[in-house]
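The values are calculated or read from the model by the stated rules, or taken from the named source; none is laboratory data. Please read these numbers as outputs of a predicted model, since none were measured by experiment. Please note: Cβ atoms are built from the backbone with ideal geometry, for glycine as well, and neighbour counts cover all protein chains shown.
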Amino acid sequence: MQCRFIYGRNGRRLMVAEMDDELDNINCTDEDLDCLGEYYRDMTVIFDVDRYIRLHTLLHGITAEDRRSLKVYMDAVIRSQSGSFVHALLGCCLEIYWYGCTDVEAHWFWQDTNIDFNVALIFPPEFYADPAAWFEREIAAKGIQNDEESGV
């Protein structure tokens with residue numbers, strides 16, 4: 001996964017994650033469907049960095065017992081130029097917490113179906129130790145563009 005950072009139209013800091021090898025591991029609820037191949041070879045996931053940090057911080061204020069009962073999702077934009085109209089991405093969001101697991105997964109479904117898809121965003125171990133610090137280091141190292149400059 002390659003990432004860069006932009007300011008959204010309302011000044012929010014956004015992470016733009018361009019998926020790579022992660023796309024070889026797309027999961028879907030239809031076991032007979034081969035969702036690899038030509039459908040999504042160019043997926044991009046865009047989400048609000050500060051909202052992620054706020055939600056992650058809130059989770060630490062909840063007791064461990066209660067955290068094991070939670071699922072937390074947040075909005076995201078997921079794009080793919082290779083997906084046709086039939087394979088359009090709808091219902092896009094990020095799962096940021098699942099019954100104690102802090103893996104970050106992009107979720108979507110296809111138009112006119114009830115087939116759900118997800119793919120994990122692969123972050124380094126330092127991210128999971130302290131996401132806020134990781135984001136700040138990455139933004140300091142890579143910089144942040146205005147969305148007009150970014151092409152997103």
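State which residue is modelled with the lowest pLDDT when the search covers only segment 100-111 and only residues that are part of a loop (DSSP other than H, G, I, E, B) and either under 14 Å from the mean Cα position of the chain (by Cα) or on the phi > 0 side of the Ramachandran plot (or both). That would be GLY100. Here HIS56 meets each of (1) touching a residue at least 40 places away in the same chain (Cβ under 8 Å); (2) in contact with a Cys (Cβ under 7 Å, 6 or more places away or on another chain) with one exception, condition (2).
Matching residues to (1) within 23 Å of SER80 (Cβ to Cβ); (2) over 19 Å from the mean Cα position of the chain (by Cα); (3) at pLDDT 90 or above:
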residue	(1), (2), (3)
THR113	yes, yes, no
PHE117	yes, no, no
LEU121	yes, no, yes
GLU126	no, no, yes
ALA133	no, no, yes
GLU136	no, no, yes
ILE139	no, no, yes
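Checking each residue in segment 74-89 for being under 14 Å from ILE46 (Cα atoms) and modelled with pLDDT under 90 picks out ILE78, ARG79, SER80, LEU89. Contact annotation: residue pairs with Cβ atoms under 6 Å, 6 or more positions apart or on different chains, pairing a residue in segment 60-81 that is touching a residue at least 12 places away in the same chain (Cβ under 8 Å) and surrounded by 16 or more Cβ atoms within 10 Å (Cβ to Cβ) with a partner that is part of a loop (DSSP other than H, G, I, E, B) and of a type in the set (Ser, Thr, Tyr), are SER80/TYR40. Selection of segment 3-18 for residues being assigned to a loop (DSSP other than H, G, I, E, B) and in contact with a Lys or Arg (Cβ under 9 Å, 6 or more places away or on another chain) yields only ARG12. Pairs are defined by a Cβ separation below 6 Å, a sequence spacing of at least 6 or placement on different chains, a first member in segment 89-117 that is among the β-branched types (Val, Ile, Thr), and a second member that is modelled with pLDDT under 80 and not in a strand (DSSP E or B); the pairs so defined are ILE115/THR29; ILE115/ASP30.
Filtered by the rule that a residue be closer than 12 Å to HIS56 by Cβ and acidic (Asp, Glu), segment 94-139 gives a lone residue, ASP130.
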